[in-house]
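Step one of this worksheet: look at the structure below.
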Amino acid sequence: MRRSTAWPLAAAAVMLLGCIGPFADTFDEAVQDTPANYDECCVDADRALLERLAGGPVTVATGGDLDTVRIDAVVTTRQLDAATERDVSWGKDGDGLIANDDATEYVLALVRRPAGGDQKARILTTVTVFARPADAWRTSCPSATACTLPAVYESAPLVDPSDGSPVASMIIAVRVPVGHTALLTTDPPKSAGPAVDLRTGRAAKFPGRA
């Protein structure tokens with residue numbers, strides 16, 4: 001029996017329509033089945049945009065300066081403002097961040113180049129998310145429930161994702177379990193080295209090795 005080619009051709013047409021046609025956004029949302037836990041948006045953003053994205057007031061950072069990057073303001077929210085989220089350009093994951101749930105929250109920070117620094121340097125950062133200080137260096141666990149492995153996101157957040165050119169500021173957004181610590185360091189983090197707590201905007205120390 002000869003196999004019909006109608007179904008494969010029809011499926012390919014639907015997929016193509018979903019990618020380039022009027023149903024592109026719907027198609028992308030349908031096939032995106034994993035959360036985007038880290039992303040960057042908003043070239044040359046300011047505090048007002050950060051506040052709109054978070055849907056509430058932000059905290060101006062105090063002590064949020066590292067050698068190559070400055071945290072200007074931070075905010076933690078359970079849900080991004082939907083209209084603002086759709087209107088901005090996300091750089092890492094093409095669809096931005098998915099809707100939140102009761103077990104997670106968004107930690108957002110406005111990142112700037114420090115005054116007097118190289119305004120064209122490629123700045124590398126690492127965001128480490130962990131439940132306990134001991135987890136920051138842990139690479140294995142004796143059982144599935146004995147510890148929570150840290151999540152690590154390495155990036156160059158102060159470049160335009162479209163062409164790699166340096167920019168003055170960006171917003172970074174990290175989707176984390178409720179209550180987990182999120183520290184930003186220059187790349188790579190160092191034991192007991194300088195960091196910024198992305199929940200408070202204050203200077204912190206990266207946990208030391210046990």
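Each value in this text was obtained by applying a stated rule to the coordinates, not by laboratory testing. Since this is a predicted model, take the numbers as computed values, not measurements.
Less than 21 Å apart at the alpha-carbon level, and either on another chain or at least 8 residues along: which lysines does that give for LYS92?
Within reach: LYS120.
Using a cut-off of 25 Å between alpha-carbon atoms, which lysines can reach LYS205, once sequence neighbours fewer than 8 places away in the same chain are excluded?
Counting by Cα, and skipping residues close in sequence, LYS205 has these lysines nearby: LYS190.
Would you mind checking which residues have amide H under 5 Å from SER169's amide H? H placed 1.01 Å from N; only 5 or more apart, or other chain.
For SER169, whose amide H was placed from the backbone, the distant partners under 5 Å are ASP44, ALA45.
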